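Below is one structure, written out as structure tokens; comments come after it.
The values are calculated or read from the model by the stated rules, or taken from the named source; none is laboratory data. As the structure is a computational prediction, the values presented were derived from the model and not from experiment. Every residue, glycine as well, gets a Cβ built from its backbone with ideal geometry; the counts of neighbours run over all protein chains shown. For the accessible areas, the whole protein counts, side chains as well, though only heavy atoms, and no ligand, DNA or RNA atoms are used. Shrake-Rupley method; radii C 1.70, N 1.55, O 1.52, S 1.80 Å.
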Amino acid sequence: MRLEDFDYDLPERLIAQTPAEPRDSSRLMLVDKAKGEIFHYLFQDIVQFFNAGDVLVLNKTRVIPARLIGQKEGTGAKIEVLLLKRIDRDRWEVLVKPGKRLKQGQTVVFGGGLLRGELIGILDDGNRIIHFTYSGLFEEVLDSLGEMPLPPYITAKLNDKERYQTVYAKENGSAAAPTAGLHFTEELLQRIRDNGVEVLEVLLHVGLGTFRPVKTEEITEHQMHTEYFSIDSETAAKISLAKKEGRRVIAVGTTVVRTLESAAGLCQDASGNVLSETEGWTDIFIYPGYQFKIVDALITNFHFPRSTLLMLVSAFAGREMILEAYQTAVREKYRFFSFGDAMFLV
């Protein structure tokens, strides 16, 4: 398939700059892919579309303040470092801006010396490897010095950093939020549970590769980024049982889809379970023609034109159906991207 097959026109004014308040007051587009019908609601109305016995799967990752501003040791030149992926305790894969200003073996100083980072490697894709030195706990140092890495299309100031976290975020590690989850409140999740829905959690640490544009005209030639994911044994068993019993598994966001479908591809369970306890790195690329093994319904935001995320939802609901839904969203002035409105694909 061609990259141009996943294009659409989006007026810049529809790119959301601030989150809805309260969270569940955002709009919700319900897309019935079987009937080819589209309906409009508020996100807080979503409870009525769950069935008792459904399994709702969340991504419990938490965004870290991954943007660090420092000075090059010796010259004082400004250097920005964006943490992408933790390699081990003190080594990170990062983006450096401006990259040409920092040579291998040189050091960046942050917070007057609270944190120091030496450039020890340059990768083929231009990312860097930095080794950090500090006193105490890295997480505490990062919390005091780092800034929240909002996507570049959000230019408005975010006054409350927690609004770029889901209410169920637990494990630090993401460079971007799993934004489909931003619409949920604790109260809404409780109403969903009260309706007989089982709410489970998996983990995928979102990398900024999520925002990397596809540059190949033939989409199958695109090289996907990798992201760390894990599913514990109890969650895997519960999802496997739901699939055996014909109950729906509903993913909150494309990160949950990537987690579940990646884990299904690795499952070696001889008892017929579709999932087993697993962790690792995934570079799964889901585009039209993919046969879903786990996910039966999907809650997601509206995605960039020509993006791998748009290709994923097109694989799930059909390219023509998705493009029709996006045209409708533009016409009805839905809000797009991270702080925008949501879709429920059933």
Region 262-333 versus region 101-163: alpha-carbon centroid distance in Å = 31 Å
Report ³J(HN,Hα) in whole Hz for each residue of region 105-112, in order, from the Karplus equation J = 6.51 cos²θ - 1.76 cosθ + 1.60 where θ = phi - 60°; Gly and Pro get x.
-> x, 8, 10, 10, 10, 10, x, x
Where does each of Asp269, Asp341 land when they are ordered by accessible area, with a 1.4 Å probe and the largest first?
-> Asp269, Asp341
Counting sequence-distant residues (5 or more places) and residues on other chains, those with an amide H built under 5 Å from that of Arg62 are Lys170, Glu171, Asn172, Gly173, Ser174
So how exposed is Asp143, as accessible area in Å² (1.4 Å probe, rounded to 10)?
-> 100 Å²
Relative contact order, percent, the chain [alpha-carbon distance under 8 Å, six or more residues apart] | 25 percent
Could you look at the chain and say what percent of its accessible area is carbon and sulfur, using a 1.4 Å probe and all protein chains?
-> 47 percent
With respect to the cross-link table entries Lys78/Lys170; Lys161/Lys238; Lys85/Lys170; Lys35/Lys333; Lys33/Lys244, which display a Cα-Cα separation exceeding 25 Å?
-> Lys78/Lys170; Lys161/Lys238
Mind listing the long-range amide H neighbours of Thr278? Cut-off is under 5 Å, sequence gap 5 or more, other chains count too, H placed in the peptide plane at 1.01 Å from N.
-> Ile231
Once both label points are put 7 Å beyond Cα along the C-beta direction, the Asp9-Glu324 separation in nm becomes 2.0 nm
Alpha-carbon centroids, region 167-185 and region 208-245: separation in whole Å = 16 Å
Using Cα atoms only, what is the angle between the long axis of helix 319-331 and the major principal axis of the chain, expressed in degrees (0 to 90) to the nearest 10?
-> 80 degrees
Determine which lysines satisfy two conditions relative to Lys243: a Cα distance under 16 Å, and not lying fewer than 8 residues away in the same chain.
-> Lys293
3J(HN,Hα) from dihedral phi, region 214-227, Karplus parametrisation 6.51/-1.76/1.60, rounded to Hz, x for glycine, proline | 7, 10, 8, 5, 8, 5, 5, 8, 6, 9, 6, 6, 10, 9
What Kirkwood hydrodynamic radius, in Å, does region 100-256 give when the mean of 1/r is taken over all pairs of distinct Cα atoms and then inverted?
-> 19.3 Å
What are the semi-axes of the equivalent ellipsoid for region 65-145, taken as the square roots of 5 times the Cα gyration tensor eigenvalues, largest first, in whole Å?
-> 17, 15, 11
